[in-house]
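Single-structure report; data block below.
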Amino acid sequence: NQIGSDESDVWFPNEVVKANVRGDNLIRAWREYLNLTQTELAAKAGMKQSSLARLENSNASPRKATLTKFAQAMGISVEQLID
């Protein structure tokens, strides 16, 4: 599945698209798709699990630097975390 206007080269697995449509934010959708716990992802990204939980469970707009940390920790591109 591909989403985006000019970013048609940004790829999203069907499971991530479905989770995002359900209302999960993209950080959570990708984390669950990759079978990572909040604790695992937070550790890989160098932040606290509570901070990750807050970002996943709110309508927060994380800074690009934060999204970059998560993208690197999950081995995906930052564009795949921006909806």
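The values are calculated or read from the model by the stated rules, or taken from the named source; none is laboratory data. All of these numbers come straight from a predicted model, not from anything done at the bench. Virtual Cβ from ideal backbone geometry, glycine too; neighbours counted across all protein chains shown. Please note that ligands, DNA and RNA were not included when accessible areas were found on the heavy atoms of the full protein model with its side chains. Shrake-Rupley method; radii C 1.70, N 1.55, O 1.52, S 1.80 Å.
Some values worked out for this structure:
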item: Residue among N1, N59 that alone is open to solvent by 60 Å² or more (accessible area, probe 1.4 Å), out of contact with any helix residue (DSSP H, G or I) (no Cβ under 8 Å at 6 or more places or on another chain) and at pLDDT below 95; result: N59
item: Residues being touching a residue at least 12 places away in the same chain (Cβ under 8 Å), assigned to a loop (DSSP other than H, G, I, E, B) and either among the charged types (D, E, K, R) or closer than 19 Å to R22 by Cβ (or both) - total across segment 61-83; result: 2
item: Residues of segment 29-56 satisfying the condition of being of a type outside the set (A, V, I, L, M), open to solvent by 30 Å² or more (accessible area, probe 1.4 Å) and assigned to a helix (DSSP H, G or I); result: E32, Y33, Q38, T39, E40, K44, Q49, S50, R54
